[in-house]
Structures are given as structure tokens and as C-alpha cells.
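Down below is the structure, laid out as C-alpha cells.
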Amino acid sequence: MKKLYLYLLTSAIISIVVLSLLIDAFSQQTAPTVDSFSWESTLTNGFAQQVARQPIDQRADFTQRLSRDFNITLTYRKGDTLALPLELKTKMITEGQLLLEEEQGLNLLKTNDALLPDYLELKVEKPAREQNSDIALTFIFYAGICAFMWFILAPLAKRLSVLTEAAKRFASGDMSARIEVNHFTYIKDVELTFNSMANQIDKLLAENKLMASSLSHDIRTPVACLRFGLDAAMEEPDMQQVKSILSRMESDLDQMENMLSSYLSFATLEQKAHLLNFESTHVTPYIVALIEQVQPKISKAELISSYEVDPELFLTADLHWMARAVTNLLSNACKFASHNIFVKVHELDQYIVIDVEDDGPGIAPNNWHKVFSPFFQEQNHRNRDEKGYGLGLAIVAKVVDWHHGKVSVSQSDTLGGAKFTLSIPCKATRAL
């Protein structure tokens, strides 16, 4: 919006300045000059010479007689009554004449060396075309400003109509409604924000639909087991067998509780995006602490972990959620690695890159674009732990998205298994 404010302010200032200069130049060209009243100037010059020949005490009366005889408004003025700036007084004395404009008309002042410091004042009517010049110039001024503002605001109105139409389509259910951003638009930030909002809403709706579908599918199995166990327990006369059935039902209930907890946790994850608390930390101890945090899982799976971290790097991020993302990748590696897990942190193209590699079976290339989708699980993977729900990598993708970074998966060149790569914008500087 700053661009819009600057455009409006600049256009208003430019229009006022340009129009003022044009109108001033026009008014100066059309302003009455002494040359426009040549015969009045010549007549008054002759009167001044005649008055100058009269005795000083008779000049005023002689001027009145001339005014009556020639039916003009001619007045004899004393020099000390001339209330003008020094510049205009000097001009009248040096040039012998001066033309002044007032609302009632024009005043032609004439003098000569013999008459100084006194002068004659002749009233002259304004030309008919000058009487309405002020109104015309005022009209031209405001019309010009309106034209300038229309020239600036017309593209804005057009872009606002495009934005309104896209918003109406989106509100009516067309989730694909987006604005094709024009680089010359004044409201580029607003259009980009609308597209971002639409993408976010579309993404949330898709995730909610997917979560509802997955939940309804995954919960059927434990519910069916509970129904079967309840029927069996009601018909079983042996109390010991009933206890065994109830024990299995309790396990199914625990599974349902864990499933619902995981799903609800993921569903409310987006609400925490605005609560991010960005901090800077030295990367080496941060990564080492995360590896040590997952070390019990690594030891239980009888794996060997190693790392390679650029000792000069600093990371700026929400350290809590970034730790959640990295530990999710480490836990995922623990499930599928055969012997080794390797973590590498380095800087590349203004990004801090975190690689987590393992020597497990890897991920099929045709599934690389799917693994970060909620509830996605490869069927050929052997999970050493309890059944998961396909949310770990989806949480990683969300955390990276919050940090305006990138996440991807590929095949490890060194270990041969999966290689997950987090790229976070390098907002901090290197250590000195």
C-alpha cells in the first residue's frame, strides 16, 4: 500500500505544480499591459505635459477640467499618497508609467520629470474578455486536477474491480479464483495478499477434507474391533476370557485415543503460526542437543549417528518449532535406517541447509512429492515402532513453510537411503 500512497501523493503534487505553472504562464500572456492601452497611454502622457506647465497649486483644478472636458476619470495625485512597494514606485519613476489592476478596473499612472513626484491617474475599464478570466482559470485548474487524478485512479479502479470479482468468485465457492498480478499495479501487495490468503484457505480446506476422510477410514478398524470384542465379551461365560477380551478392547481404545490426539493436534497446528518467536542461536550446539535428545531412539534401534556442521553458522528461527521439525526427521530416520544416520548443516545461496540422511530402503522417487502430505505413508516401509499416522513429515513441511523455507526429499549419495533437506533463509550473519 505504500506504493499506492506515494503514487497518489506524487500525482497530486505534480498536477498542482504543473497546472499552476501553466495557468500562471497563460495569465501572464493574457494579462493587460500598457501596450494594450496605447491611445490611453498617449492621451495621458499629453495630459501630464499640460498639467506640468500649470502652477503647482492649480494642477489639481486643471486636471478636473480635463476630466470633465474629455469625459474621462482623470485625477491628480500627490506623490506621498502613492501606497506602493518601493519596486513599483521606482518602476513608475524610471519608465514614467505604471498599470495597476483592481476589481473595479485598471489604473494607468503617468508622470514625467516636470511632474515628479506627483502623477496622474486615469481609470480604464477592463476589456470584456478579462472580466470572467478568473472564473475560467479556476475552472481550468480544478478540471486539470480532476483529469490528472482520473489518469492515476482509473488503473486503480480497474484493479480494484478485478480484486472484487476474484473475491466474489472465491466467496461463491470457486477455490481456484486468483488474481493475475500486474507488475504495474498500485495495489500489488493487496493482490499478492489475497492470493496468499486464498491459497492458505484452499490448503486448509483440502487438509480438513483429507483429515476427515482419513479419520473416518482409520477409525473404522478399532471401532469394528471394539464392537466385535463387546459382542464376544457379552456372550463369553468364562470370566478369564472376558478379561482378556476387555484387555484387547482397552488396547484398541488407546489406539483410538492416540489417533484422535494426533489428528486434533495437527488440525490445530495452523493456529500457532502467528505465535512464532524468532531467535538466533549458534547452529553447532543446537544441532548436537537435538541429536542427543533423540539418542535414546537411536540407541534402541542400534544405530550410529554422526554429524557435520559448519562451526561459523548462526540460525534465526523459532527454535522450538525448528527443533520439532528436525527431531521429527531424526525420529523418522530411526524407524527406517539400517545402521547409520548422518546430519549435515551448511550454508548455500543465503539458506541454512539441514540434511538428514539414513541408509534405509529410501523413498520411491514417484512418492517424493507426496511424503509431506498429511496422512501419507509408504506401504513398503518397515516400521520398527508403533503404527504412525503420516503426520510427522506434514508437520515438518508446515514448520518450514512458517519460516518461508523449503523442504525436499531425495536419495542420499553417501548412505543410499532417504535424504531430507530443510532450507531456512539465512537471516543471521556468520560469527566473527
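Looking at Ala323, is it open to solvent by less than 40 Å² (accessible area, probe 1.4 Å), in a helix (DSSP H, G or I) and not hydroxyl-bearing (Ser, Thr, Tyr)?
Spelling it out, Ala323 is indeed open to solvent by less than 40 Å² (accessible area, probe 1.4 Å), in a helix (DSSP H, G or I) and not hydroxyl-bearing (Ser, Thr, Tyr).
From the list Glu312, Glu292, which one is charged (D, E, K, R), free of Cβ contacts under 8 Å to residues at least 24 places away in the same chain and open to solvent by 30 Å² or more (accessible area, probe 1.4 Å)?
Unique residue meeting the criteria: Glu292.
Conditions tested, residue by residue: (1) surrounded by 10 or more Cβ atoms within 10 Å (Cβ to Cβ); (2) touching a His at 6+ places or on another chain (Cβ under 7 Å); (3) at pLDDT 70 or above; (4) of a type in the set (Phe, Trp, Tyr).
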position	(1), (2), (3), (4)
Pro55	no, no, yes, no
Phe62	yes, no, yes, yes
Arg65	yes, no, yes, no
Asp69	no, no, yes, no
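Just to be sure, is Leu115 among the hydrophobic types (A, V, I, L, M, F, W, C) and assigned to a strand (DSSP E or B)?
no
Of Ser299, Ser331, which residue is of a type in the set (Ser, Thr, Tyr), out of contact with any strand residue (DSSP E or B) (no Cβ under 7 Å at 6 or more places or on another chain), free of Cβ contacts under 8 Å to residues at least 60 places away in the same chain and part of a helix (DSSP H, G or I)?
Selected residue: Ser299, the only one of Ser299, Ser331 that is of a type in the set (Ser, Thr, Tyr), out of contact with any strand residue (DSSP E or B) (no Cβ under 7 Å at 6 or more places or on another chain), free of Cβ contacts under 8 Å to residues at least 60 places away in the same chain and part of a helix (DSSP H, G or I).
Any residue at all in region 333-348 that's at pLDDT below 85, of a type in the set (Asp, Glu) and either on the phi < 0 side of the Ramachandran plot or in the same structural domain as Leu290 (by the TED database) (or both)?
No: zero hits.
Output the number of residues of region 227-269 satisfying the condition of being more than 44 Å from the chain's Cα centre (by Cα), part of a helix (DSSP H, G or I) and not β-branched (Val, Ile, Thr).
Looking only at that region, the number is 25.
Given the condition buried (at least 16 other Cβ atoms within 10 Å of the Cβ), at pLDDT below 85 and not in a helix (DSSP H, G or I), answer yes or no: does some residue in region 164-178 qualify?
Checking region 164-178: not a single residue is buried (at least 16 other Cβ atoms within 10 Å of the Cβ), at pLDDT below 85 and not in a helix (DSSP H, G or I).
Pairs, please: C-beta under 9 Å, at least 6 apart or cross-chain, first residue under 11 Å from Ser11 (Cα atoms) and in region 145-160, second surrounded by fewer than 15 Cβ atoms within 10 Å (Cβ to Cβ) and among the polar types (S, T, N, Q)?
From region 145-160, the pairs are Ile152/Thr10.
The values are calculated or read from the model by the stated rules, or taken from the named source; none is laboratory data. Keep in mind that what you see is a predicted model, and the values were worked out from it rather than measured. Using ideal geometry, Cβ is built from the backbone for each residue, glycine included, and neighbour counts are taken over all protein chains shown. Areas reflect the complete protein model, heavy atoms only, side chains present, ligands, DNA and RNA absent. Shrake-Rupley method; radii C 1.70, N 1.55, O 1.52, S 1.80 Å.
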